[in-house]
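Structure in structure tokens, see below.
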Amino acid sequence: MSEPATENNTMGTVHRLDDHRTGSTTLVVDLAKAAPDTDTAPNVEPAPAGEAVDRPGNPLADWLTIPDAPVLPAWARSRDSVIANVRAFGRLTWWHTRYHGFRTPKYLFKTVLLAARGFFRAAAGLWPTLSAQDHSAAVKALRAQVKVKPEDIELAARLQAAHYARTQTRRWRFGTAAVAVGTAAVGIALAPPLLQAGITAAVVTPLAYLGRGKETRLLDQAAPPLKVDMSAQQLNDALRAAGLLKSGSGKDEKDLPKVLCTMGPVRDGRGWAVIFDLPRGGGKTASDVLAKREVIAQELGVDEIQVIMSRVRAAKGGNAGRVSMWVADDDPYLGTPNPSPLEKAEKFSIWDAVPFGQDARGNRINVPVMWQSMFFGGLPRRGKTFTQRLLTAAGLLDAYVRHYIADGKGGADWMPAKAVAHRLIMGAEDDAIEALKAMLRELLAEMERRFALLRDLPTSVCPEGKLTPEIMVKYNLPVIFVTIDELQEYFTAMEREDREQVINDLCRVARRGPAAGFISNFASQRPDAESVPPKLREIITIRYSTQVVDRTSSDMVLGKGKAAQGADASVLSEDHKGVGVLVTGPASYVTVRADYLDGPAFAALCRKGRALREAAGQLTGDAAGDVTAAADAAGLTVPAIVSDVLEIMRHSPRMFTTDLLAGLVNLDEDVYGDFNAERLASELENAGVKRTSKQVKISGANGAGYQRRDIESAVPAEILLSTGR
């Protein structure tokens with residue numbers, strides 16, 4: 001079933017079907033003008049205007065109350081439902097047409113065989129009657145009996161003779177008909193094809209019908225393309241097998257408790273939708289149904305990834321026992337990924353909900369990021385970073401978004417962001433950790449400055465004490481997007497004291513920052529207490545998890561108890577790359593197939609974002625000093641080896657050769673995997689780098705290395721001036 005929701009919720013909460021309320025509707029009449037009968041009811045006061053007819057003592061209540069029954073069947077109550085059912089019928093009809101069409105020669109051959117058998121049966125059945133064999137057998141039987149009277153034998157013989165005389169004409173007719181059939185066969189052979197087909201069908205059809213057997217089937221039994229053909233009986237059987245309904249124990253089936261389907265089952269997209277109430281008296285609730293998802297899927301004959309269930313809350317006409325379920329015909333999360341709409345967008349406002357992906361039924365899922373903090377988790381190589389990058393990519397297309405990015409892995413995923421990021425930290429080495437700590441101090445100082453400014457603004461300008469689009473532009477307070485990928489790499493590389501300080505700083509940014517325009521976007525692999533502490537995870541408002549190994553790991557990412565509610569990322573398989581469970585609130589979740597935005601597309605968005613910021617005067621920080629991006633903008637070319645080395649040495653004025661080689665391999669193993677110290681020196685020399693010294697001193701230790709100022713000497717002077725170097 002979609003994740004069960006037909007509405008496009010900006011929070012991505014697609015677990016609610018169309019509003020469906022039950023309950024009797026009472027006719028309201030105006031009895032104020034109707035004077036009471038003082039003879040029969042002297043003490044009855046006149047009924048006030050608008051009083052319901054079901055008041056005590058009203059004799060009209062029984063037939064004026066509107067019946068509690070829908071006017072239209074469930075499948076015809078909405079345009080989408082009608083279209084879905086018509087399309088499903090069309091797909092089924094077309095499939096059967098192709099299935100049986102390919103088997104037409106087989107069916108014709110079977111028809112000829114059945115017709116031959118029918119002709120034989122007709123001839124064998126008629127011949128005894130035409131030849132009076134039945135009477136002959138009777139006379140012989142009478143003669144064989146000793147005690148039979150002669151007159152009985154004579155009577156039987158006379159009857160046989162009379163029967164023979166009566167059937168003699170029929171035998172002549174039968175013979176004449178046989179000759180006529182032979183002649184007609186010759187005529188048919190010479191007749192036009194259409195007439196031949198009609199005559200043949202008229203003759204063969206009754207003969208084939210006569211030649212059929214009890215187990216004979218002319219048409220093959222085709223399995224329809226719909227793997228699930230839900231019915232109320234199937235649903236009851238599945239719930240009963242899962243222990244959610246009382247079993248028979250010898251009772252008549254009609255006396256067993258059953259669910260009350262308030263909608264469906266009906267076709268809904270590429271699946272079946274149903275809303276049902278559990279019977280009272282059984283002690284089971286909607287939460288019990290959600291916890292039995294795997295068992296219910298097994299009883300319905302599908303994979304649990306195809307079964308999507310949620311509670312129907314009171315706001316949607318539900319109760320504690322009402323469940324919305326959608327069962328897909330097949331795995332709804334496989335196939336070619338959908339490209340992100342951001343890829344072709346020229347601009348985007350971060351104040352709008354970000355296009356994120358689609359649910360099982362193809363409904364668009366948009367995620368609002370303002371006033372939110374986000375956490376992404378899951379196993380490696382399941383699309384976690386690609387999905388996290390979607391939200392950051394939306395901020396690239398808004399010139400009034402300032403990006404702070406740190407990548408603990410230090411790979412190529414976030415490298416294009418150097419063209420736009422105010423701060424970009426790559427890797428989790430000592431210099432990168434120091435840069436991260438400095439970045440957090442900068443963020444906290446900016447947050448306090450903003451709060452002080454917002455407090456001083458009049459309520460007419462800042463009524464809620466929070467950042468607004470008008471304040472953002474007027475006071476130059478761009479939204480700050482804090483993105484940290486592979487968070488566990490930083491925590492595991494830090495000393496205990498530094499780790500605690502960084503955790504506290506991140507908590508302050510995530511907890512207090514949203515009101516000042518801070519958006520936190522964190523990602524990690526399995527977030528246990530060592531890699532990502534609970535006190536940071538628990539204050540995150542939006543969570544997303546790709547495949548994990550078990551329900552415990554799923555709860556670590558999505559929140560304690562979420563798997564029991566149905567938000568379980570462990571049911572995803574290795575084939576579900578880019579698919580994850582999105583939790584947007586305590587009771588709101590949806591499995592999303594995230595939009596696809598690959599590396600080149602992300603790099604193009606970064607270049608587009610740089611141009612937008614340059615035009616708006618919002619290019620700041622590291623991006624303003626990015627040599628490669630400035631060279632591209634000026635139409636100049638910086639050798640790749642120079643720009644890559646500068647990127648690795650971003651946080652260090654000097655670096656040992658061994659560390660520089662390790663950083664280059666981590667940046668692009670295909671290019672730098674075979675590099676050694678001699679080849680690196682040769683490539684840099686060919687690119688115009690002139691080393692002032694081959695030894696560097698770092699933390700009291702001497703060794704072969706490079707000075708960043710020597711690398712920058714290979715960059716055109718006008719580029720260095722434009723970047724402030």
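Measure out, as a whole number of angstrom, how far apart the alpha-carbon centroids of segment 102-126 and segment 496-550 sit.
For segment 102-126 versus segment 496-550, the Cα centre distance is 75 Å.
Given the C-alpha centroids of segment 566-601 and segment 273-291, what is the distance between them in whole angstrom?
26
Further question on the same structure: Would you mind checking which residues have amide H under 5 Å from I480's amide H? H placed 1.01 Å from N; only 5 or more apart, or other chain.
So I480 has HN proximity to R402, F518, I519.
Now, a different point. Shape verdict for segment 537-680, please, from the Cα gyration tensor: rounded (a/c under 1.5), prolate (a/b greater than b/c) or oblate.
Working: a/c = 2.67, a/b = 1.80, b/c = 1.48.
Note, shape of segment 537-680 comes out prolate.
Now for a different question. Using a 1.4 angstrom probe with every protein chain in place, what is the largest-first accessible-area order of F451, F481, F109?
Accessible-area ranking of F451, F481, F109, largest first: F109, F451, F481.
Given the peptides 652-662, 666-676, arrange them by the average over their residues of other C-beta atoms within 10 Å, most packed first.
Numbers: 652-662: 18.5, 666-676: 13.5.
Ranking, from highest mean packing down: 652-662, 666-676.
On to the next question. Taking the full set of protein chains and a 1.4 angstrom probe, give the accessible area of E429 in square angstrom, rounded to the nearest 10.
The value for E429 is about 110 Å².
Still on this structure: Please list the non-local residues whose amide H lies under 5 Å from the amide H of V354, H modeled 1.01 Å from N, same-chain partners needing a gap of 5 or more.
It is V367, V369, by chain and number.
To the nearest 10 square angstrom, what accessible area does E538 show with a 1.4 Å probe?
Per-residue accessible area (E538): approximately 110 Å².
Right, something else. Hey, can you grab everything whose amide H is under 5 Å from the amide H of I425? Only 5+ residues off in sequence or another chain; H modelled, so Pro and N-termini drop out.
I405, A406, D407
Also, I was wondering about something else. For each pair in K347/K466; K347/K409; K344/K409; K258/K316; K284/K560; K384/K694, compute the distance between the two Cα atoms and list the pairs where it is over 32 Å. It would help to have the intermediate numbers written out before the result.
Working: K347/K466 24 Å; K347/K409 29 Å; K344/K409 29 Å; K258/K316 23 Å; K284/K560 22 Å; K384/K694 41 Å.
As for pairs spanning more than 32 Å Cα to Cα, those are K384/K694.
For segment 538-613, just say rounded, prolate or oblate: build the C-alpha gyration tensor, square-root its eigenvalues into a ≥ b ≥ c, call rounded for a/c under 1.5, and beyond that prolate if a/b exceeds b/c, oblate if not. Walk me through the intermediate numbers first.
Details: a/c = 3.16, a/b = 1.89, b/c = 1.67.
Prolate.
When the solvent-accessible surface of protein heavy atoms is calculated with a 1.4 angstrom probe, in what order do H651, H576 fall, highest first? Write down the numbers at each step before the final one.
Details: H651 50, H576 5 Å².
Putting H651, H576 in descending order of accessible area: H651, H576.
Give me log10 I(q)/I(0) at q = 0.30 Å⁻¹ for segment 379-420, Debye formula, one equal scatterer per alpha-carbon, no solvent.
-1.26
Ranking request for peptides 91-98, 597-604, 509-516: highest mean number of other beta-carbon atoms within 10 Å first, then the rest in descending order. Please report the intermediate quantities before stating the final value.
Working: 91-98: 12.4, 597-604: 16.1, 509-516: 19.5.
Taking the mean over residues of other Cβ atoms within 10 Å, the ranking is 509-516, 597-604, 91-98.
Now, a different point. Based on a Kirkwood Rh over C-alpha pairs, give the Stokes-Einstein translational diffusion coefficient of segment 367-485 at 20 °C and viscosity 1.002 mPa s in µm²/s.
Details: Rh = 15.8 Å.
Approximately 135 µm²/s, per Stokes-Einstein.
Sticking with this one: When all alpha-carbon pairs of segment 637-710 are counted, what percent fall beyond 20 Å? Provide the component values of the computation, followed by the final result.
Details: 562 of 2701 pairs.
I get 21 percent for the Cα pairs in segment 637-710 exceeding 20 Å.
Where does each of 552-559, 430-437 land if you order them by average Cβ count within 10 Å, highest first? Could you put the intermediate results ahead of the total?
Values: 552-559: 22.2, 430-437: 19.2.
Top to bottom by mean Cβ count within 10 Å: 552-559, 430-437.
Stokes-Einstein at 10 °C, 1.306 mPa s, Kirkwood radius from Cα pairs: D for segment 453-505 in µm² s⁻¹?
On the way: Rh = 14.1 Å.
Roughly 113 µm²/s, to the nearest whole number.
The values are calculated or read from the model by the stated rules, or taken from the named source; none is laboratory data. The shown structure was predicted, so the numbers you read here are calculated from the model rather than taken from an experiment. Here Cβ is always computed from backbone atoms with ideal geometry, including for glycine, and neighbour counts include all displayed protein chains. Accessible surface areas use protein heavy atoms only, side chains included; no ligands, DNA or RNA. Shrake-Rupley method; radii C 1.70, N 1.55, O 1.52, S 1.80 Å.
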